[in-house]
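Encoded as structure tokens, the structure appears first; notes follow it.
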Amino acid sequence: MEPIYFDYNASTPIAPEVKQAMLPFLTDHYGNPSALHFAGREARVAVEFARKQVATLLHAKPTEIMFTSGGSESNNYVLKGVAETLKEKGNHIITSKIEHPAILNPCRYLEKQGIKVSYVDVDEYGSVNPTDIENEITEKTILISIMHSNNEVGTLQPIEEISEIAKKHHVLFHTDASQSIGKVDVNIQQLGVDFLTIAGHKLYAPKGIGALYIREGIEIESLIHGAGHESGRRAGTENVLLTVGLGQACEVVNEIEKESKRLHELTQFFWEGLKKQFNERIQLQGHPRNRLPNTLNVAFVGTQGQQILNQVPEIAASTGSACHAGGVELSPVLKAMGVTEQVGMGAVRFSVGRYTTENEISRALDLLKDVKLS
């Protein structure tokens with residue numbers, strides 16, 4: 001039987017269109033983008049075209065896009081860069097308790113450097129209350145960082161409302177949109193954020209490439225120092241191959257409305273089937289409606305999620321974020337949501353994507369009907 005991949009939130013396959021766009025840069029186009037000769041010019045044109053593709057997806061300007069090695073670097077760049085640049089203004093950052101470790105761990109590092117960090121609570125659905133954000137703001141607050149959507153339960157955050165609060169108090173605002181790109185519309189003009197993180201391997205590009213949106217007019221200290229690459233914002237010769245891949249991936253996912261609807265229909269079909277099979281022994285985690293259309297986090301009550309997955313090796317899914325999978329402790333996200341251990345330990349995240357079919361959902365339901373709950 002063919003395996004079934006339901007872990008798109010951890011990493012996506014490389015889209016065929018992305019692979020085709022990258023191939024010439026494995027053989028023919030090998031120049032350094034900083035070189036002035038023909039090979040350098042070819043590489044520079046490719047990088048700038050990819051920058052335009054990313055900007056188009058976000059409704060941003062190409063000059064507002066900086067390429068990075070991925071979501072973690074983008075997040076570190078913002079947190080540490082703002083802390084250094086605005087240290088004379090203040091030393092306070094606001095984030096939430098359900099952020100990805102690529103936010104939480106840099107924040108913990110900054111706390112050791114004298115930065116004060118407020119970690120706001122979430123409700124039972126994993127939603128941040130904008131009022132809680134505003135209540136934490138002081139005259140020393142220099143940055144707010146709230147994820148666009150949660151990687152484990154898929155809950156979408158009220159980014160536009162928080163953005164208005166940040167503007168009112170003259171505080172910079174960052175959102176990690178790594179999980180949202182390619183699943184829902186992410187429009188910079190509507191969101192009003194100052195910084196936004198993209199991770200290539202979450203949207204059908206290769207691993208090791210990402211981008212950071214930096215609103216025009218904002219300058220913060222660089223994370224990597226050296227020569228003047230990326231308009232002086234990030235030193236290091238550009239990875240042309242992966243940059244081309246990210247640009248093409250952004251073009252692949254640009255028409256999002258139809259795909260978002262399809263993903264929602266697939267997860268609803270899956271959820272209805274699971275409810276029929278497990279009744280009161282299964283619970284939905286996260287917001288029932290205001291969540292990513294591809295993400296279904298369910299708890300098999302009274303058992304462990306890994307025990308469920310061990311019984312169906314044909315299905316690739318996750319018991320939490322892939323970045324910290326393997327433990328048997330209750331997910332920090334579910335803990336922050338107030339989920340009990342009896343329920344939360346049975347959580348499994350199924351995340352579908354561009355190549356998921358209804359037949360795969362049906363096959364998965366057929367496989368899962370035979371699992372034994374402890």
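Couple of notes before you dig in:
- Residue match in the range 26-36 (condition: in contact with a Phe, Trp or Tyr (Cβ under 9 Å, 6 or more places away or on another chain) and either closer than 28 Å to His225 by Cα or surrounded by fewer than 20 Cβ atoms within 10 Å (Cβ to Cβ) (or both)): yes
- Residue that is farthest from Pro24 (Cα to Cα), among those in the range 207-241 that are without any contact (Cβ under 8 Å) to a residue 60 or more places away in the chain and not small (Gly, Ala, Ser): Ile218
- The residue list Glu265, Glu230 contains one member that is buried (at least 18 other Cβ atoms within 10 Å of the Cβ) and charged (D, E, K, R), which is Glu230.
- Residue within the range 54-63 that is under 19 Å from the mean Cα position of the chain (by Cα) and either surrounded by 24 or more Cβ atoms within 10 Å (Cβ to Cβ) or modelled with pLDDT under 95 (or both) present: yes
- Residue in the range 76-88 that is crowded, with 17+ Cβ neighbours inside 10 Å and within 20 Å of Val186 (Cα to Cα) present: yes
- Residue within the range 295-315 that is buried (at least 20 other Cβ atoms within 10 Å of the Cβ), within 30 Å of Asn187 (Cα to Cα) and hydrophobic (A, V, I, L, M, F, W, C) present: yes
- Test result for His287, open to solvent by less than 80 Å² (accessible area, probe 1.4 Å), touching a residue at least 60 places away in the same chain (Cβ under 8 Å) and farther than 23 Å from Asn151 by Cα: no
- Check on Glu124, open to solvent by 20 Å² or more (accessible area, probe 1.4 Å) and out of contact with any strand residue (DSSP E or B) (no Cβ under 8 Å at 6 or more places or on another chain): yes
- For the range 131-155, the set of residues classified as surrounded by fewer than 24 Cβ atoms within 10 Å (Cβ to Cβ), out of contact with any Ser or Thr (no Cβ under 6 Å at 6 or more places or on another chain) and not in a loop (DSSP other than H, G, I, E, B) consists of Thr131, Asp132, Glu134, Asn135, Thr141, Ile142, listed by residue number.
- The lone exception for Pro13 - which of (1) under 19 Å from the mean Cα position of the chain (by Cα); (2) crowded, with 16+ Cβ neighbours inside 10 Å it fails: (2)
- Summed over the range 89-115, residues that are polar (S, T, N, Q), open to solvent by 20 Å² or more (accessible area, probe 1.4 Å) and under 19 Å from the mean Cα position of the chain (by Cα) total 1.
- Top-ranked residue in the range 288-310 [being modelled with pLDDT under 95 and part of a loop (DSSP other than H, G, I, E, B); ranked as farthest from Phe6 (Cα to Cα)]: Gly302
- Across the range 31-56, the number of residues qualifying as free of Cβ contacts under 8 Å to residues at least 12 places away in the same chain and over 27 Å from Ile181 (Cβ atoms) comes to 7.
- Failed criterion for Arg215 (all others in (1) surrounded by 20 or more Cβ atoms within 10 Å (Cβ to Cβ); (2) closer than 19 Å to Gly81 by Cα; (3) of a type in the set (Lys, Arg) hold): (1)
- Selected residue (criterion: surrounded by the fewest Cβ atoms within 10 Å (Cβ to Cβ)) from residues of the range 342-370 that are assigned to a loop (DSSP other than H, G, I, E, B) and modelled with pLDDT of 95 or more: Thr357
- Breaking point among (1) open to solvent by less than 70 Å² (accessible area, probe 1.4 Å); (2) at pLDDT below 95; (3) in a helix (DSSP H, G or I), for Glu42: (1)
- A Cβ distance below 6 Å, combined with a sequence gap of six or more or placement on separate chains, defines the contacts here; from the range 57-80, residues that are of a type in the set (Asp, Glu) reach residues that are at pLDDT 95 or above in the pairs Glu64/Tyr213; Glu64/Ile214; Glu64/Glu216.
The values are calculated or read from the model by the stated rules, or taken from the named source; none is laboratory data. Computed from a prediction, not measured in an experiment: that's the story for all the values here. Neighbour counts run over all protein chains shown; Cβ positions are idealised from the backbone, glycine included. These accessible areas exclude ligands, DNA and RNA; they are computed on the full protein's heavy atoms, side chains included. Shrake-Rupley method; radii C 1.70, N 1.55, O 1.52, S 1.80 Å.
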